[in-house]
Amino acid sequence: MSKKHITFIINPRAGVEREKEIKSAIKAQLNEFLYSYDIQYTQYAKHGTELARAAAANGAYAVVAVGGDGSVNDIVKGLAGTDTALAIIPKGSGNGMARTMKIPLDTFAAVKVINSGRVATMDIGYANDLLFVSNAGVAFDALISKKFAKSEKRGFGVYSWLVTKHLWTYKPWPFKINIDGKDVDDKAFMITVANGQQFGYNFRIAPTASYSDGLLDLVIVKPFPKALGGLIALRAMQGNILDSPYVTHLRGKEITISHPQLKLMQTDGDAHECASEIKFSIKKGAQKIIVP
């Protein structure tokens, strides 16, 4: 029986010690009787997409994104439309999609998941023509994504500091919103369109979202007294943000969000310039994924 081939794609900026840990985990845990493997390193932004596309073209059984939601996004872009499965070793800041899929944050345990070989399918979201795996959004979360990307330091502490800093000065906008033909216009502090459940760090913005139901979860956080910001964040960490009177939650397949001054959005934590109208859609079961 010929072995199935797996390509691991690593960002070398992860650091020497982390790279050693990943290599040790692969050597110790990956079933060498079932799998052959190679390790590729990204050299520049979005290089992961090219490497994943090449691996799929060469017949790889799976490509492993070693990183966070941004790395997963890059790899899925390269795998889109192919039969090659995605696997994840969570090594990012928040690891939102890995947490949603119950993939262990421990590197050795994450490699063992690949051995289990349980292949499921994952929906893929689109914001206009931009692919997203976990979530996309406008307003406050897009601003925080932009600020976080510019920060030299990573981690939950930095993320929390940025949220607290900008919470008090951010002004909500009245958005035009349509979901599956129904207008739900609202003034919003934050609008998230989710395929996964969280931004990361167990901050569950869409705790009931499913990455395999063929639907997008629309979560609108309406203007709230700024003094309650901490309470709303606590609800998200506890998984019950949808119970807040300041939150509207809907599900649908096609969502349009617009505002004349809209210029910034985020997809999987990566901030982009955008048009004043964004059309969100979902492709059900578009990507194979190896899960526990």
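Taken together, the values in this text are just the output of simple stated rules run on the coordinates, not laboratory data. Keep in mind the model is a prediction, meaning the values are calculated, not measured. All Cβ positions, glycine included, derive from the backbone under ideal geometry; neighbour counts span all protein chains shown.
Can you tell me the mean projection area, over all orientations, of the convex hull of the chain's alpha carbons? Units nm², please.
Over all viewing directions, the chain projects a mean Cα-hull area of 14.5 nm².
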Each label sits 7 Å from Cα toward the beta-carbon; between K176 and K102 the label points are separated, in nm, by 4.3 nm
With Cα coordinates, the longest principal axis of the chain makes an angle with the long axis of helix 229-238, in degrees rounded to 10, of 40 degrees
Whole-Hz Karplus couplings 3J(HN,Hα) for the range 65-72, θ = phi - 60° and coefficients 6.51, -1.76, 1.60, Gly and Pro as x, run 7, 9, x, x, 4, x, 5, 4
For the chain, the longest principal axis of the Cα atoms and the Cα long axis of helix 156-167 enclose an angle in degrees, to the nearest 10, of 20 degrees
Scoring the chain by relative contact order with C-alpha pairs under 8 Å, at least six apart, yields a percentage of 21 percent
Note, A275: beta-carbon cut-off 12 Å, +1 each Lys/Arg, -1 each Asp/Glu, net -1
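Using alpha-carbon pairs under 8 Å, 6+ residues apart, how would you state the relative contact order of the range 4-117 in percent?
Once normalised by length, the contact order is 29 percent.
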Checking the range 95-139 for trypsin sites (Lys or Arg not before Pro) in a loop per DSSP with at most 14 other beta-carbon atoms within 10 Å yields K102, R118
For the range 200-292, listing GluC sites (Glu not before Pro) in a DSSP loop whose Cβ sees at most 13 other Cβ atoms within 10 Å gives E254
Surrounding charge for L215, neighbours by C-beta under 11 angstrom, Lys/Arg +1, Asp/Glu -1, total -2
Cβ-Cβ cut-off under 14 Å around F108, Lys and Arg +1, Asp and Glu -1: the net charge is +4
Taking Cα atoms only, Rg over Rh for the range 130-284 with Rh from the Kirkwood formula is 0.92
Measuring from its Cα centre, the chain shows a charge dipole (+1 at each Lys and Arg Cβ, -1 at each Asp and Glu Cβ) which, in debye to the nearest 20, is 480 debye
Computed on Cα atoms only, the convex hull of the range 4-117 has an orientation-averaged projected area in nm² of 6.3 nm²
Relative contact order in percent for the range 109-222 (Cα pairs under 8 Å, 6+ apart) equals 27 percent
